[in-house]
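The values are calculated or read from the model by the stated rules, or taken from the named source; none is laboratory data. Quick caveat, the model's predicted, so the values are computed rather than measured. FYI the Cβ positions are ideal-geometry reconstructions off the backbone, even for glycines, and counts take in every protein chain you see.
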Amino acid sequence: LEFCRVLPKIELHAHLNGSLSEKTLKSLGCLNKSVSEYQGLTSINNKIERTLHECFELFKIAHLATKNPDSVYLAAQSVIKDFADDNVRYLELRTTPRAEDGMTKEEYIESVVKAIKDSKKPLVKLILSVDRRHDILVSQNTVAVILSMRNKYPDIIKGIDLSGNPHLGCFDKELFNKAKENGLKTTIHCAEIINNDEVMEILNFGPNRIGHATFLNPNYSGSIENWESYCKKKIPAEFCLTSNVVCGTAKSYKEHHMQEWIKNGLPFSINTDDKGVFCTSLSEEYEHAQNNFNLSNTDLWTIAYNAIDHSFASIQEKALMKKELKEWKTQNQ
Ligand code: 5GP
């Protein structure tokens with residue numbers, strides 16, 4: 001694990017409320033009962049397997065800890081620090097703006113932006129999520145809020161994501177076209193369950209990145225047409241190994257679909273998804289990849305380096321990160 005820890009890493013797929021550590025949940029106070037419920041349900045103390053449905057129940061508990069602007073700020077601050085401590089040099093944090101208990105979606109976003117501005121490292125950008133279970137009117141409102149907040153913080157808010165329980169709702173092309181036309185980068189959770197029709201729509205839309213991509217390859221119940229289309233488009237995939245293994249969508253680390261990307265030379269990055277819920281870190285995810293796919297230290301460095309190109313950072317920021325990684329490689333060879 002030592003190499004994976006010291007390697008400067010790039011995290012592109014981390015959901016704020018799924019990333020809260022046990023310590024952070026406790027420090028957010030209010031929720032002793034919920035915290036123990038959370039511990040019972042999560043893999044925090046023992047890596048038990050959960051269904052996708054059970055994982056989604058957990059987020060509801062995490063949401064109880066972030067119901068006002070102050071707790072959202074503290075949650076974002078501590079998640080950013082956790083990633084910095086794990087030697088993550090660039091973080092794309094994503095979160096679903098929530099209006100509740102008198103807090104508006106704008107205030108929710110302001111709190112996360114403030115935590116990002118106040119953090120010295122790593123470099124952090126924000127992706128705002130649309131929850132697929134919401135109806136079209138709620139989602140349209142979310143996109144309008146996201147666009148107005150992006151105009152206020154163009155250096156921080158870079159992209160939009162579609163996430164939430166994949167069994168509910170659907171991908172709405174119009175909504176994401178609006179975001180794209182207005183200059184937001186797009187990343188869509190794709191093929192988390194077998195749904196070849198939706199996968200085709202997402203591929204036709206052409207997001208900048210896709211999340212998970214579990215059932216996209218024909219060896220994993222994907223359609224040949226979709227896979228051929230994907231191979232032409234080469235949209236970078238965001239892989240989250242432990243998340244998929246714990247939720248049971250990947251049978252094991254060894255059988256994870258990432259192997260199809262390695263075999264075919266397709267673009268991907270390694271990420272945590274929900275490091276709190278799945279009790280992991282980015283270093284551990286790199287280690288799983290190394291152990292199960294026979295990757296050398298240089299291969300891991302290359303995966304981190306390539307993730308810079310998949311990121312939503314500016315050209316200048318990418319150039320600086322690449323320089324840093326190259327220097328690190330020279331010093332550590
Ligand atoms: P938040 O957006 O509240 O900061 O983070 C938690 C939310 O992220 C969950 O309620 C869910 O909508 C989304 N999320 C977290 N992990 C996953 C995942 O593995 N798949 C999907 N589709 N959504 C997820």
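A quick yes/no check of all residues on (1) within 16 Å of the ligand (Cβ to nearest atom); (2) in a strand (DSSP E or B); (3) under 21 Å from ALA76 (Cα atoms); (4) modelled with pLDDT of 90 or more:
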position: PHE3; (1), (2), (3), (4): no, no, no, yes
position: ILE10; (1), (2), (3), (4): no, yes, yes, yes
position: LYS26; (1), (2), (3), (4): no, no, yes, no
position: CYS30; (1), (2), (3), (4): no, no, yes, no
position: SER34; (1), (2), (3), (4): yes, no, yes, no
position: GLN39; (1), (2), (3), (4): no, no, yes, no
position: ASN45; (1), (2), (3), (4): no, no, no, no
position: ILE48; (1), (2), (3), (4): no, no, no, no
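Where residues in region 194-213 are of a type in the set (A, V, I, L, M) and under 17 Å from the mean Cα position of the chain (by Cα), which of them is farthest from VAL245 (Cα to Cα)? In this case the residue turns out to be ILE210. Residue check: SER129 meets all listed conditions (1) within 28 Å of CYS4 (Cβ to Cβ); (2) polar (S, T, N, Q); (3) not in a strand (DSSP E or B) but one, namely (3).
Which residue out of LYS232, LYS178 is in a helix (DSSP H, G or I), of a type in the set (Lys, Arg) and more than 21 Å from VAL130 (Cα to Cα)?
Details: LYS178 fails: more than 21 Å from VAL130 (Cα to Cα).
Among LYS232, LYS178, only LYS232 is in a helix (DSSP H, G or I), of a type in the set (Lys, Arg) and more than 21 Å from VAL130 (Cα to Cα).
Determine whether THR95 is of a type outside the set (Asp, Glu) and in contact with a strand residue (DSSP E or B) (Cβ under 7 Å, 6 or more places away or on another chain). Taking the combined requirement at face value, the residue satisfies it. Selection over region 93-119 of residues that are among the aliphatic types (A, V, I, L, M) and either surrounded by fewer than 15 Cβ atoms within 10 Å (Cβ to Cβ) or without any contact (Cβ under 8 Å) to a residue 40 or more places away in the chain (or both) gives a count of 2.
Within the group LEU295, LEU320, which residue is assigned to a helix (DSSP H, G or I), under 20 Å from LEU7 (Cα atoms) and among the hydrophobic types (A, V, I, L, M, F, W, C)? None of the others qualify; the one that does is LEU320.
Exactly one residue out of ALA144, ALA75, ALA62 is in contact (Cβ under 8 Å) with a residue 60 or more places away in the chain and either within 13 Å of SER19 (Cβ to Cβ) or in a helix (DSSP H, G or I) (or both): that is ALA62. Do the conditions hold for VAL246, that is, is it touching a Phe, Trp or Tyr at 6+ places or on another chain (Cβ under 9 Å), among the hydrophobic types (A, V, I, L, M, F, W, C), within 14 Å of the ligand (Cβ to nearest atom) and without any contact (Cβ under 8 Å) to a residue 40 or more places away in the chain? When the stated conditions are applied, VAL246 does not pass them. Total residues in region 192-243 satisfying the condition of being within 16 Å of the ligand (Cβ to nearest atom) and on the phi > 0 side of the Ramachandran plot: the figure is 2. Just checking, does region 267-288 include any residue being away from the ligand (no atom under 16 Å from the Cβ) and among the basic types (Lys, Arg)? Checked region 267-288: no residue is away from the ligand (no atom under 16 Å from the Cβ) and among the basic types (Lys, Arg). Taking the listed residues LEU168, LEU216, the one that is assigned to a loop (DSSP other than H, G, I, E, B) and either in contact with a Cys (Cβ under 8 Å, 6 or more places away or on another chain) or without any contact (Cβ under 8 Å) to a residue 12 or more places away in the chain (or both) is LEU216, with no other qualifying. If you go through region 136-171, how many residues are buried (at least 16 other Cβ atoms within 10 Å of the Cβ), more than 19 Å from ARG98 (Cβ to Cβ) and away from the ligand (no atom under 14 Å from the Cβ)? Residues meeting the conditions: 1.
Checking each residue in region 57-108 for being more than 26 Å from LYS185 (Cα to Cα) and of a type in the set (Lys, Arg) picks out LYS60, LYS67.
Would you confirm whether any residue within region 153-165 is closer than 28 Å to ALA84 by Cα, part of a loop (DSSP other than H, G, I, E, B) and under 18 Å from the mean Cα position of the chain (by Cα)? I'd like the intermediate steps shown before the answer.
Applying the first criterion (closer than 28 Å to ALA84 by Cα) to region 153-165 yields 153-164.
After this cut, where a residue has to be part of a loop (DSSP other than H, G, I, E, B) as well, the list is 153-156, 164.
So of that shortlist, the ones also under 18 Å from the mean Cα position of the chain (by Cα) come out as 156, 164.
Checking region 153-165: at least one residue is closer than 28 Å to ALA84 by Cα, part of a loop (DSSP other than H, G, I, E, B) and under 18 Å from the mean Cα position of the chain (by Cα).
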